[in-house]
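Shown next, in structure tokens, is the structure this report addresses.
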Amino acid sequence: MKRVLIAILTLVASLGLAQSAGSYVGAVPNSKAFIAVVLGEQGKALAYLCDSESIALWFRGKLEGGVLELRGADGQRLQGRVGSEVSGQITLPDGRVLGFSAPAASGEAGLYRYEGSQSGNAYVGGWIIDQKGEQRGAVIGGGALSPVVLSPKTLQAEHRLLGKLLAWLVTPQWVTQSN
């Protein structure tokens, strides 16, 4: 039985079907930003970079053979490798390159998201909570970035135009279905 299980796991890994589904969160050196990466099944991946001031960028893409290749809406690029942590670099629209490493998230640490609309404008909120409970977050929409604090206990935030926002934890399953 043990030999059969080892053979199956070896076959799955060799076919590239085994993925490191999960959430990873870390601080980005030389900046105030945090990075969160959520890996879903079938190689789907989502990442969010935020400093709660001027950077709030979403990235989508694929994980293939342990290598991440994600793109943002305005051509931003996130490249990385997945092992016991996710590490790599992000190329921002202004050409700056930021390196990062993000260990697996635990406890309340993770990526949280809000989606809504008002007066024909779409709004997307993103919050990253690290292992120490510190967070970075903002809502983008209506042509502006608004720093907003999320309560990890209630998953609610208060936005000056939208009122109460209810966020949810971005899970690997959500990434698999939405990406």
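Restricting attention to region 76-104, and to residues there that are at pLDDT 95 or above and charged (D, E, K, R), which single residue is most open to solvent (accessible area, probe 1.4 Å)?
R81
Please list, ordered by first then second residue, the pairs with beta carbon atoms under 7 Å, 6 or more apart or interchain, first in region 94-116 and more than 15 Å from Q131 (Cβ to Cβ) and without any contact (Cβ under 8 Å) to a residue 40 or more places away in the chain, second open to solvent by 50 Å² or more (accessible area, probe 1.4 Å) and in a strand (DSSP E or B).
As it stands, the answer is V97/Q89, since those pairs meet every condition given.
Quick one: G107 ticks every box in (1) modelled with pLDDT of 95 or more; (2) within 20 Å of L169 (Cα to Cα) bar one, so which box is it?
(1)
Pick from A47, A36, A27: which is surrounded by fewer than 21 Cβ atoms within 10 Å (Cβ to Cβ), of a type in the set (A, V, I, L, M), at pLDDT 95 or above and under 22 Å from Q131 (Cβ atoms)?
Working: A47 fails: surrounded by fewer than 21 Cβ atoms within 10 Å (Cβ to Cβ); A36 fails: surrounded by fewer than 21 Cβ atoms within 10 Å (Cβ to Cβ).
Going through A47, A36, A27 in turn, just one is surrounded by fewer than 21 Cβ atoms within 10 Å (Cβ to Cβ), of a type in the set (A, V, I, L, M), at pLDDT 95 or above and under 22 Å from Q131 (Cβ atoms): A27.
Here's a check for you: in region 42-68, which residue that is assigned to a loop (DSSP other than H, G, I, E, B) and small (G, A, S) is nearest to L111 (Cα to Cα)?
S52
Out of curiosity, is L57 modelled with pLDDT under 95 and either of a type outside the set (D, E, K, R) or open to solvent by 20 Å² or more (accessible area, probe 1.4 Å) (or both)?
Numbers: modelled with pLDDT under 95: no; either of a type outside the set (D, E, K, R) or open to solvent by 20 Å² or more (accessible area, probe 1.4 Å) (or both): yes.
Against the criterion (modelled with pLDDT under 95 and either of a type outside the set (D, E, K, R) or open to solvent by 20 Å² or more (accessible area, probe 1.4 Å) (or both)), L57 does not qualify.
The values are calculated or read from the model by the stated rules, or taken from the named source; none is laboratory data. Just so it is clear, the structure is predicted and the values come from calculations on it, not from any experiment. Because the Cβ atoms are built from the backbone with ideal geometry, glycine has one as well, and the counts that use them run over all protein chains shown. For accessibility, only protein heavy atoms count, side chains too; no ligands or nucleic acids. Shrake-Rupley method; radii C 1.70, N 1.55, O 1.52, S 1.80 Å.
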